[in-house]
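Each remark here refers to the structure printed beneath this line.
The values are calculated or read from the model by the stated rules, or taken from the named source; none is laboratory data. All figures in this text were calculated on a predicted structure; none of them were measured in a lab. Note: ideal-geometry Cβ built from the backbone for every residue, glycine included; neighbour counts use all protein chains shown. All accessible areas refer to the heavy atoms of the entire protein, side chains included, with ligands and DNA or RNA removed. Shrake-Rupley method; radii C 1.70, N 1.55, O 1.52, S 1.80 Å.
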Amino acid sequence: MGNWLKALAVGLAALCGALSPATAQMPTDAGYQTFIIGKETAKRTGKPTPGVLMSGGGEWPYEAFRWFAKKSGNGHIVVLRASGTTSTADEMYLKIGGFASIRTFVFHDRKAAYDPVILAALKSADGIFLAGGDQANYVRFWRDTPVQAALNAHIKAGKPIGGTSAGLAVQGEYLYGAMDGGSVNSAEALADPLGPAVTIEGDFLHIPQLKGVVTDSHFKERNRQGRLVAFLAKAQTRADKPLVGLGIDEQTVLTVEGDGTARVYSNIGGYAWLFEPVDAKAAKASTPLSVDNIKATGIGADSTFNVVTRKVTKPAFEKRYTVTNGVLREKQLWSLAIHGGAGVIERGDLTPEKDAAYRASLNEALKTGQAILERGGTALNAVEATVRVLEDNPLFNAGKGAVFTAEGANELDAAIMDGATQKAGAVAGVTRTKNPITLARRVMEKSGRVMLARDGADKFSVEQGLEQVDPKYFFTQERWDQLQAWKQKNMAAVDNTHKFGTVGAVALDQNGNLAAATSTGGLTGKKWGRIGDSPIIGAGTYAKNGACAVSATGSGEYFIRESAARQVCDRVIWNRQDIASAAFDTIMSVGAIGGDGGLIAMDAAGEPAFGINDLGMYRGLVSATQSAATAIYADEVLK
């Protein structure tokens, strides 16, 4: 078709544009169709100014589009699409208003991107809007063509651009192109973020406010949090700067001023979701994604946000996510689990008074850790403080309530580990430090070593100015009587309800960091400087961000032989097990070689697990979403 015929078609469109919603249509052999509504000869009332409209799809909040009309100087809009006809233009012109005219071009193939009529319309447009559909067609039809150049020239000229759904998807510096003909979901994307289904494109639209941004639409409604994380992971492998993600809910629009100042409009109280950068090293070829502690900030109607500076005030929410072996879960804001030792504890073994005393003591420890985590304290501080409470309580075999060695002394072991840094500290055979767990932390932070033992550990404690006590402080009549029974081979008199007395805590804090701590007096009648699993990093105590934190209690030699604490985390990482099955399988492995006891574990999302192969374990948990709960007997379930 000659250019004069095309021009004639445009003239006819202008003549009848005000008469009906959809008028004038080009033959499809031109590679496109065009429609006009309104009067293209009408004068705009203002001057176009920079701005970006980002619509998540679905029903529009009209106030945001009135903002777009004002940004265009209430002038002439060009709508680009690759399917459908005039629904976008009709709604904008007839229901929203504020536009002098809206011309729609529907692309059917790439040759239309060279058409002079389209290029002239884009050059003169006061605003451009990209409709929904399939963003792969936009990339195929426009990349490296005059249309792509015209779009970027429009943006550079300081005129507004908007888009919905697929039209939003192409706005970021990096974009998901859906070039394989499908639309990848979160599970598929996370299963292989570097795979062919995650088609990341770049160098398409050059919107200054969206540099370093990857966008997505229909966000909450289609559970697209996971796939945006996958998009970020893959895009980050191509970028030379940190990238953030912006997901927009349905019936929700984010409008962005030229300086990056942004505002959310929504029909349903929806949000824009700002995802912080994902480490490019997390993505590996043909491997499910594992990455921890991804922060997402909700931007609502009452929030203020600048897309350029990424600063959010009055956020609607802050969430943290963890991805383990391709499975994304929201992390607890904070979480704490504790144990006070394992043993043969059947209902009826404890008097009601002693049962209540144990539960009250566990609750006291939980309360201490909760107070720290609730106010934003670290997991490391929480597990130390929690274990100190248990060490000070004579009910438990740690600190004040420690059992006696064969020689009638108290020799105390403890360990602590920071999941964020994987630094650890441990002490064994200490005799005068009131709270061995605090000494273990000092070893971690001040000694340059991981473990100190016996006289050297006692000397280091004094040098660090930690509270020292006379060894008589650790004496309790109950533990002394148990030693005498042990010497007389009267094992029936030894407290089987506390056979493996140890205390421990694992925690997740509001920054997404894990920590673990364990403290014990060991076994009644232990000889020859025996050291169990509690102070052995990887056996009785272990923590690693993104995997788990573990504290164990039981027949320590078997836990050492099985590397029990580290084994739980390895099962999570390598076997792709959830924390409950990893804890259960590990404690069964300990049992298979003759060991008894239990362990507590917590995964990167703050989910606790309790593994027991004995008949009971003193234990408890509390989190941001669950009030404190305790249990003693094996058949009690903590949820």
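The one condition from (1) over 22 Å from D216 (Cα atoms); (2) in contact with a Gly (Cβ under 9 Å, 6 or more places away or on another chain); (3) without any contact (Cβ under 8 Å) to a residue 60 or more places away in the chain; (4) not basic (K, R) that A120 does not meet is (2). Filter region 70-85 for residues that are surrounded by 24 or more Cβ atoms within 10 Å (Cβ to Cβ) and either polar (S, T, N, Q) or within 18 Å of S266 (Cα to Cα) (or both) and give the result. Within region 70-85, just S72 meets the criteria.
Restricting the search to region 567-618, which residues are part of a loop (DSSP other than H, G, I, E, B) and either in contact with a helix residue (DSSP H, G or I) (Cβ under 6 Å, 6 or more places away or on another chain) or open to solvent by 20 Å² or more (accessible area, probe 1.4 Å) (or both)?
Correct list: N575, R576, Q577, D578, I593, G594, G595, D596, E607, N613, D614, L615.
Of the residues making up region 313-333, at least one is hydroxyl-bearing (S, T, Y) and open to solvent by 50 Å² or more (accessible area, probe 1.4 Å).
Output the residues belonging to region 286-298 that are out of contact with any strand residue (DSSP E or B) (no Cβ under 7 Å at 6 or more places or on another chain) and either on the phi > 0 side of the Ramachandran plot or buried (at least 24 other Cβ atoms within 10 Å of the Cβ) (or both).
The answer is S286, and nothing else.
Go through region 51-63 and give me each residue that's part of a loop (DSSP other than H, G, I, E, B) and open to solvent by less than 60 Å² (accessible area, probe 1.4 Å). Those that are part of a loop (DSSP other than H, G, I, E, B) and open to solvent by less than 60 Å² (accessible area, probe 1.4 Å): G56, G57, G58, W60, P61. Every test in (1) in contact with a Ser or Thr (Cβ under 6 Å, 6 or more places away or on another chain); (2) without any contact (Cβ under 8 Å) to a residue 12 or more places away in the chain is passed by L395 save one, and that test is (2). Checking each residue in region 365-375 for being more than 23 Å from the chain's Cα centre (by Cα) and surrounded by 16 or more Cβ atoms within 10 Å (Cβ to Cβ) picks out A365, L366, T368. For beta carbons closer than 9 Å, sequence separation of 6+ or different chains, a first residue in region 573-601 that is in contact (Cβ under 8 Å) with a residue 40 or more places away in the chain and more than 19 Å from I338 (Cβ to Cβ) and a second that is assigned to a helix (DSSP H, G or I) and open to solvent by 60 Å² or more (accessible area, probe 1.4 Å), the qualifying pairs are G595/E557; G595/Y558; G595/R561; D596/Y558. Listed conditions (1) farther than 26 Å from N435 by Cβ; (2) in contact (Cβ under 8 Å) with a residue 60 or more places away in the chain are all met by G525, apart from (1).
Residue selection: A301 fails the criterion of being of a type in the set (A, V, I, L, M, F, W, C), in contact with a Gly (Cβ under 7 Å, 6 or more places away or on another chain) and either without any contact (Cβ under 8 Å) to a residue 12 or more places away in the chain or within 30 Å of P277 (Cβ to Cβ) (or both).
Only one entry in R310, R347 is farther than 30 Å from Q577 by Cβ, outside any helix (DSSP H, G or I), within 29 Å of the chain's Cα centre (by Cα) and touching a residue at least 40 places away in the same chain (Cβ under 8 Å), namely R310. Summed over region 172-199, the residues that are β-branched (V, I, T) and either open to solvent by 30 Å² or more (accessible area, probe 1.4 Å) or under 22 Å from the mean Cα position of the chain (by Cα) (or both) give a count of 2.
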